[in-house]
Amino acid sequence: MKATFFSANTVRFATGAGVMAAALCAMSPGSAAAATLVSTELVLSVDVSGSISPSEFNLQQDGYVAAFRDADLISQIESLSNGIAVSLVYWSTSAVKAVDWFHITDSASSNTFADQIEAADRPRGIGSSTDIAEGIDLSVFELLNNEFDGANLVIDVSGDGTDNSGGAVTDARDAAAAEDIIINGLPILTSSSSILSDYYTNNVITNDGFIEVASGFENFENAVKTKIGREIAPPDDPTPPDDPTPPDDPTPPDNPTPPGDPVSVPDPTAVLGLVAVGLLGLRSKFRQ
């Protein structure tokens, strides 16, 4: 059963009666029993701050739409046990859930989710600063307060800049890691500098996360397809393969020959000759 996440940061996303309802729902045994099992719960946490122009917002949106309409990604989802659950969060100075949780198991459901992303307008009234921590906090809240039970909990953070507002990104990252949530990053580089990718590596992603770099907004679609494919891939089987070579027999052989010179076996003819000589000697003794 998931723990309900109500940090000082996330409590602002659900206040008053909403907090109480969410807490009661999360603590209810019935709600845990009704949770839908999925391979991965994934939050797409997307930067829509002031540095993102309208055309760049469209490129991001189109990239996510294309990813969930991609035949290879759909085939990968169909191969997973119980599919995946996905939601979309937009963030700037504050964060909002743009597309609610959706269960994807096949081509039809994946295309339906793509349609929902396409229909989600850029939110208004959430400021223009880049508060990555705000996006992470809401994403954590969403992962721990939904109707799914995933083997993996993942946040996919994409953006074109470093944090410049609100709480510390590292605090939000560490709070997510404490809940066994993986954060991966998709830094969108607008120059040849690696400053942003280094920033994401050192401040945004968790120790078990990774970054997939988009070399500009025009490369975003390819990068996000690759990234989601990596995020939902099942982990490698840790069980080692069976060894086809049978083990050596530890039982020692009967009467083993000790090491050293080989034992010489007397020639039978020589043995008989010695016996004959001995008998002649005894006979000669008795005659005396």
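The values are calculated or read from the model by the stated rules, or taken from the named source; none is laboratory data. Please read these numbers as outputs of a predicted model, since none were measured by experiment. Cβ sites come from the backbone with ideal geometry, for glycine too, and all protein chains shown count toward neighbours.
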Practice problem: Search region 35-63 for residues being of a type in the set (Gly, Ala, Ser), surrounded by 20 or more Cβ atoms within 10 Å (Cβ to Cβ) and not in a strand (DSSP E or B), and hand back the single one that is nearest to the chain's Cα centre (by Cα). | Solution: Gly63
Practice problem: Hey, can you tell me all the residues within region 74-110 that are over 24 Å from the mean Cα position of the chain (by Cα) and assigned to a helix (DSSP H, G or I)? | Solution: Ala108
Quiz prompt | Some residue of region 140-147 being without any contact (Cβ under 8 Å) to a residue 40 or more places away in the chain and not in a helix (DSSP H, G or I) | solution = no
Exercise. Inspect region 159-182 for any residue being without any contact (Cβ under 8 Å) to a residue 40 or more places away in the chain, farther than 22 Å from Val96 by Cα and assigned to a helix (DSSP H, G or I) and give the result as yes or no.
Key: yes
Quiz item: In region 185-192, is there at least one residue being crowded, with 20+ Cβ neighbours inside 10 Å, modelled with pLDDT of 95 or more and under 18 Å from the mean Cα position of the chain (by Cα)?
Solution: yes
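Which residues, taken from region 111-134, are of a type in the set (S, T, N, Q), in a helix (DSSP H, G or I) and either in contact (Cβ under 8 Å) with a residue 12 or more places away in the chain or in contact with a Phe, Trp or Tyr (Cβ under 6 Å, 6 or more places away or on another chain) (or both)? Working first, answer last.
Applying the first criterion (of a type in the set (S, T, N, Q)) to region 111-134 yields 111-112, 116, 128-130.
Next, only the ones that are in a helix (DSSP H, G or I) stay: 111-112, 116.
Once the filter is applied, which keeps residues that are of a type in the set (S, T, N, Q), in a helix (DSSP H, G or I) and either in contact (Cβ under 8 Å) with a residue 12 or more places away in the chain or in contact with a Phe, Trp or Tyr (Cβ under 6 Å, 6 or more places away or on another chain) (or both), region 111-134 yields Asn111, Gln116.
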Practice problem: Would you please name the residue that is surrounded by the fewest Cβ atoms within 10 Å (Cβ to Cβ), looking only at residues in region 138-159 that are among the small types (Gly, Ala, Ser) and over 30 Å from Ser215 (Cβ atoms)? | Solution: Ala151
